[in-house]
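Report on the following structure.
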2 protein chains.
Amino acid sequence: MSEHLPQPCDLLIEAGHVVPVQPHALVLQDTAVAVRDGVIVGIGPRQDMRVRWQAARVVSRPDAVLMPGLVNAHTHNPMTLLRGVADDLPLMTWLQEHIWPVEGAVIGEQFVADGTRLAIAEMLRGGTTCANENYFFPDVQARTYAEHGFRALVGAVVIDFPTAWAKDSDEYFAKAESVRAQWQGHGLIDVALAPHAPYTVSDANFERVAAMSAQHNLRVHLHTHETAQEISDSIRDHGVRPLARLQRLGLVNERLIAVHMTQLTDDEIGLCAEHGVHVVHCPESNLKLASGFCPACALARAGVNLAIGTDGCASNNDLDMFSENRTAAILAKAVANDATALDAASTLRAATLGGATALGFADRIGSIELGKQADLVCVDMGALETQPLHNVISQLVYATGRQQVSDVWIAGVSKLENRVLVDMDIDGIIANARQWRDRIATIRG
Amino acid sequence: MSEHLPQPCDLLIEAGHVVPVQPHALVLQDTAVAVRDGVIVGIGPRQDMRVRWQAARVVSRPDAVLMPGLVNAHTHNPMTLLRGVADDLPLMTWLQEHIWPVEGAVIGEQFVADGTRLAIAEMLRGGTTCANENYFFPDVQARTYAEHGFRALVGAVVIDFPTAWAKDSDEYFAKAESVRAQWQGHGLIDVALAPHAPYTVSDANFERVAAMSAQHNLRVHLHTHETAQEISDSIRDHGVRPLARLQRLGLVNERLIAVHMTQLTDDEIGLCAEHGVHVVHCPESNLKLASGFCPACALARAGVNLAIGTDGCASNNDLDMFSENRTAAILAKAVANDATALDAASTLRAATLGGATALGFADRIGSIELGKQADLVCVDMGALETQPLHNVISQLVYATGRQQVSDVWIAGVSKLENRVLVDMDIDGIIANARQWRDRIATIRG
């Protein structure tokens, strides 16, 4: 009889629908997921699970979809404090007359910590449980993410000019190594190298990045092929397009997270597929900055691992992965001139398991599978805006708003409960953001 | 002293920010709007307004933006019941194997009334106060809109084949005339002619539409220049592109509401500007169905009145004008290859006054001006997702979600109060939508 005795677990989540992402496009009805020590230990029909598991806590959401947490595969989260500070401007005016002067006046540990905290609250309320971060002061970011139990791959920036974070190349690499060593083996935080872009990083620095990436098996998080200008400048300065230069420098491999990629030839798409390069599609940023159109469908069909990111709030202007997924799915169709391009299930995969794979986290997160971390999200499908419910995955991608996210767990720890943030002082965060607004308004005069 | 005595009004709305849309791009701080008999009778600084007006009711929203209600300038609202019924399919498979068979089995007065009611609830919760409707059974739609005090221009469909609504051309026109006569002079409902599309309406029927439109000063609501196929079919069948054919038939004038318009030459843009044609941009539908890219910025810069619509829920899949505005604004930049294209204020204008102008309602709605109807919306900017608040209009277009709409009035009548629908049974509407889902699931087998 002992095999029929219920086993103890910490949490049993029962949902009207479960979308595990793996197997692809599957929707399970009336299913429960058991969590113990932060890990998914059981998935099965609700009635069976109640018998099989003795749960310390049961969360029942009959109108909800339970799905893996979303992975925002490209962000600059401290810049959440610059949301809407400048819009509708040509790139260089935007950067030189608005973003850089403001950033220069405010950047520092406090700005990075406060911006990251605001972003964490926004991400949790929108069903995002993991971010691929790319900004200065990665040490402060890592600390802030860890403090709030939020999963992140934190990029140690490398750039050819001095900033508040480091004065020269040696300091960028020394600090990168220090942050890497500090967070090695942490359950939620990993560190990547984040050379800024082909037009701001020299061959010598790219070679150091390549060597360090190979030595420690680090991801390389890079903005590239973002605009036509970047391509023509690369040809002018290096004789080749950026991807060819990166290949020459030893960076085109399965550790490369290539962000934006709006300018790609068929050969370059083939090169990415062949070498296992991960592509992060940021459709809303690409549209808003008039950067171009990423051939997301062509990349996916060529076998390239596709992930989705919001980019920073100075250029998006939110961290809404539901909106980003929807934009990715519908834009792909117009770009491919094919209404079947990037269907709903493939889009949802890109935003979860695709992101996890890009970040090197696919063994841990990205799908609801036994043995994976319980990074889970409940989405209320009972809302009027998602009625009637003919197709769960279609509804998640094409009709659901992030405000329908009701509950969020990271590694089995509750982060959002019935829309209320757990252990985060939302009023304090909002008050703090208002103080930054006033300070920035003073700077701008 | 009598000039200083406060005057009576029904409603005084005080808001932290007021965006009247006209004057363009203006943001008023700490302002109040007075409403009497459904009409805006006062706009001024909050403190003054408390002295000048004796209001039966004061609504105070210090963290909100007060703005004109959004005008959804192209919808098929009964199809809200088909939300997500089929996606990610080529146009003809989608239509012939999914939409038409389901529609054929369910269409009728009850389907139209129930779908319209579900849509009204969704629109109100998202800050939309006026719809440009295009579907069968316009009589039922008009009745349902009027019953809920929702403003609409209802299109009497004309199409060359028999449907559940009418068996032949004579019946389409007879019914159009009957609906027109019935609703003439109604405060909220107007009637337009809605010839379906150039590929489904004969020259003879277009000529009857043109004559009836001229006789009664009716808007003509038409899908056109939606796809490349439509253009090539028109050249094959009529020797000219659709706009040239429409011009020949007397339809290119200030009564034409041309929807989609993804295929336009510079000459055609000039033609629209010269003749006062209104263009409704439906960016999300155009992307999702891979129809093409409307040159929204070029149209606006040429002086064409631009409006924004969601299209129906079978092809979008929502009635979210905040999302549609954002998509319109960011997509325009990539299409124009110019980050200054369709800036936030111009987008907001298109979604309010632009829509009102297209529908022939600009004397009544579309902006917060003395003498206009009080179709008003409060949007909560205190939400974490719109912090910090550097720029009100940018935030409304680029960062605000429809769930931040707190209050809605149509002609001064409260429709949504602190997110709660007034006089609408939301649970009953959801239960009804679920019944339709079950019925449609049975039909599909």
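The numbers here are math on the coordinates, done by the rules we state, and not lab data. As the structure is a computational prediction, the values presented were derived from the model and not from experiment. Every residue, glycine among them, receives a Cβ derived from its backbone with ideal geometry; neighbour counts consider all protein chains shown.
When peptides A:200-209, B:305-314 are ranked by their average number of other Cβ atoms within 10 Å per residue, the highest-first order is B:305-314, A:200-209. Across peptide A:427-434, the mean count of Cβ atoms from other chains lying within 10 Å of each residue's own Cβ comes to 3.
For the range B:100-106, putting each phi into the Karplus relation 6.51 cos²θ - 1.76 cosθ + 1.60 with θ = phi - 60° gives couplings of 4, x, 5, 4, x, 7, 10 Hz, in residue order, rounded to whole numbers and with x for Gly and Pro. All other residues whose Cβ lies under 11 angstrom from that of A:A339 are scored, Lys and Arg at +1 and Asp and Glu at -1, for a net of -2. Across the range B:244-291, Cα pairs under 8 Å and at least six residues apart give a relative contact order of 43 percent. Among the listed pairs A:K333/B:K333; A:K333/B:K175; A:K288/B:K288; A:K372/A:K415, those with a Cα-Cα distance over 28 Å are A:K333/B:K175. In percent, rounded to a whole number, the relative contact order of chain A is 20, using alpha-carbon pairs under 8 Å and six or more apart. Against chain B, whose longest principal axis comes from its Cα atoms, helix B:228-238 is set at around 50 degrees. Label-point spacing for A:H186 across the identical copies (point 7 Å from Cα in the Cβ direction), in nm and ascending order: 6.2.
With a 10 Å cut-off around each Cβ of B:88-95, the average count of Cβ atoms from other chains is 4. Estimated from helical segments only, the mean residue ellipticity of chain B at 222 nm is -11000 deg cm²/dmol, where each DSSP H run of four or more residues counts as -39500 (n - 2.57).
Packing around the peptides A:8-19, A:325-336, taken as the average count of other Cβ atoms within 10 Å per residue, puts them in this order, highest first: A:325-336, A:8-19.
Here the range B:70-359 is described by how far its Cα atoms reach on the three principal axes: 47, 43, 41 Å, from widest to narrowest. A simple count of charges around B:L12, restricted to other residues whose Cβ falls under 12 Å of its Cβ and scoring Lys, Arg +1 and Asp, Glu -1, yields +3. Starting from the label point of A:G445 at 7 Å along Cα→Cβ, the same points in the other copies fall at 7.4 nm, in ascending order. Phi angles of the range A:38-45 translate, via the Karplus equation with coefficients 6.51, -1.76, 1.60 and θ = phi - 60°, into HN-Hα couplings of x, 10, 6, 10, x, 9, x, x Hz per residue; Gly and Pro are given as x. Shielding value for A:312-325 is 3, the average number of Cβ atoms from other chains within 10 Å of each residue's Cβ.
For the range A:56-106, compute Rh as the Kirkwood radius over C-alpha pairs and then the Stokes-Einstein diffusion coefficient at 10 °C and 1.306 mPa s; write the answer in µm²/s, rounded to an integer. Answer, rounded: 107 µm²/s. By Cβ position, the chain A residue that hugs the axis carrying A onto B most closely, with its distance in whole Å, is A:Q403, 2. Less than 5 angstrom separates the built amide H of B:C282 from those of B:H260, B:G309, all sequence-distant by 5 or more or on a different chain.
Hey, what's the Cα Rg ratio for the protein assembly as shown versus the globular rule of thumb, 2.2 N^0.38 Å? Dividing the Cα radius of gyration by 2.2 N^0.38 Å gives 0.94. Ordering A:123-136, A:361-374, B:34-47 by mean Cβ neighbour count within 10 Å, with the highest value first, yields A:123-136, A:361-374, B:34-47. Using the Karplus relation 6.51 cos²θ - 1.76 cosθ + 1.60 with θ = phi - 60°, the per-residue 3J(HN,Hα) values for the range B:400-407 come to 8, x, 4, 5, 7, 5, 9, 9 Hz, with x marking Gly and Pro. With its label point defined 7 Å out from Cα along the Cα-to-Cβ axis, A:P101 lies at 6.3 nm from the matching points of the other copies, in increasing order. In this structure, the amide hydrogen of A:V58, modeled 1.01 Å from its nitrogen in the peptide plane, lies closer than 5 angstrom to those of A:L12, counting only residues at least 5 positions away or on a different chain. Taking amide H as placed 1.01 Å from N in the peptide plane, the amide H of B:L256 sits under 5 Å from that of B:V220, B:H278, each at least 5 places away or on another chain.
For the range B:294-445, what is the relative contact order in percent, using Cα pairs closer than 8 Å and at least 6 residues apart in sequence? Contact order relative to length: 18 percent.
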